[in-house]
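**Q** Dropping the structure in here first, questions after.
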Amino acid sequence: MSRSKDGGLTVVALVLSLAVCALGATALWLVLTGGEATAPEVTETTQTQVEGALEPRSFDEYSWEELAEVARLIAAASTDDEGRAVAESYGVAVGDTRALPLDDGRAATLTVVGIRADRRADGTGVAGLTLMSSPISLRPVNDALTNAGGWEACSLRAWLAGEGRSLLPEGLASSLLAVSKSTNNAGVTTDAASVTQTADELWLFSASEVCGAPGWFVAEYGEDPNPYTGYVDFSVYDALLAAEGAQYEYFALAGVSGSSDPAGVLSLSYGGTEVAWWYRTAYPYSYTGQDASYFYQVMASGYPCVTALATDEAGVVVGMCL
């Protein structure tokens, strides 16, 4: 078989052309990369920046999923001060509010009450944000007339874990974190060991989380046992109430105490009507031994302290963490 001279030259020219193109591409790559001949590494950080960068906006403009991501960034900070700086950079502050649409067609309000204020129940650190709803329902604490077992055993806690949770928007409900809540889970008691922890995604606020150490027993009965009080040491009951968690920043800034709500932040409505609402705090003292059936609540007027029978209906004001 013969081959023409022109065909051989064509092959040579083609090879040379390809080589020139390759050199040109390499030169262009070196110019664009500042002289580095290797492709840039796509790190986890740069990938996150491309896919998940959040634009700061106001608290009420975030989707539930975006708000959960902001909370995660706050929780991931090294210190509380750094966490607050992260919150500020994303436009979130204690006292911010937004609408909370409920599955039954009603609308509640959601308020930021704490930043890095609760600890995750699984021991992995803090939750970024603590939120409070206005009443999402009217319900009793217990179906039976008792406070035995406190918050841990009450029927309202079980309702919140099921039907109550289903009232929330799915994007919010699926983002909730279980946190540890300290409560007198005995009911009528003087034993400090009755204050134990539960893991909850939704909970009622305790009296001390709202009012600080409320001091209600000493205010009513005095500090020292005397004939009037039957020589009962009522200070132990105040100690039980104070052990149910520190006051959230939102209430502290508003000046809430065991006897005062100067800013009116405790006056909350359900269906357009002001209603009393429950604390998870059981009334720990029994006068007769047969009346262990009371829980504390906020009055409809917003006054921080009244007791009511566990079977009474009152507003369900819910705490939750992201």
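Read-outs: derived from the displayed coordinates by stated rules, not from any lab. Not measured: the values here are computed from a predicted model. Here the Cβ is made from the backbone with ideal geometry for all residues, glycine too, and neighbour counts use every protein chain on show.
**Q** In what order do 136, 115 fall by count of nearby beta-carbon atoms within 10 Å, going from fewest to most?
**A** Details: 136 22, 115 26.
Least to most surrounded, the residues fall as 136, 115.
**Q** Let me ask something additional. Quick one: which residues, 5 or more positions from residue 280 or on another chain, have an amide H under 5 Å from its amide H? H modelled 1.01 Å from N in the peptide plane, none for Pro or chain starts.
**A** 205, 206, 207
**Q** Set the Förster radius R0 to 41 Å, insert the Cβ-Cβ distance between residue 153 and residue 253 as r into 1/(1 + (r/R0)^6), and round the FRET efficiency to 0.05.
**A** Efficiency, rounded to the nearest 0.05: 0.75.
**Q** Separate question: Taking 0.36 nm per residue of sequence separation and subtracting the Cα-Cα distance, how much length would be gained by fully extending the chain between residue 191 and residue 231, in nm to one decimal?
**A** Separation in residues times 0.36 nm, less the Cα-Cα distance, equals 12.6 nm.
**Q** Can you compute the FRET efficiency between residue 88 and residue 174 using 1/(1 + (r/R0)^6), with r the Cβ-Cβ distance and R0 = 25 Å? Round to the nearest 0.05.
**A** 0.40
**Q** Pick out, in residue order, every one of the trypsin sites (Lys or Arg not before Pro) in the stretch 59-106 that is DSSP loop and has at most 16 other C-beta atoms within 10 Å; say none if there are none.
**A** In loop regions of the stretch 59-106 (DSSP not H, G, I, E or B), the sparsely surrounded trypsin sites (Lys or Arg not before Pro) are 106.
**Q** Something else now. When Lys and Arg each count +1 and Asp and Glu each count -1, what net charge do the other residues less than 10 Å away from residue 62, Cβ to Cβ, add up to?
**A** Here the charged neighbours net out to -4.
**Q** Using 0.36 nm times the number of residues separating residue 239 and residue 219, minus their current alpha carbon distance, what extension gain do you get?
**A** Between residue 239 and residue 219, full extension yields 5.9 nm more.
**Q** Modelling each spin label as a point 7 Å along the Cα-to-Cβ direction, I'd like the residue 124/residue 72 distance in nm, to one decimal.
**A** 1.0
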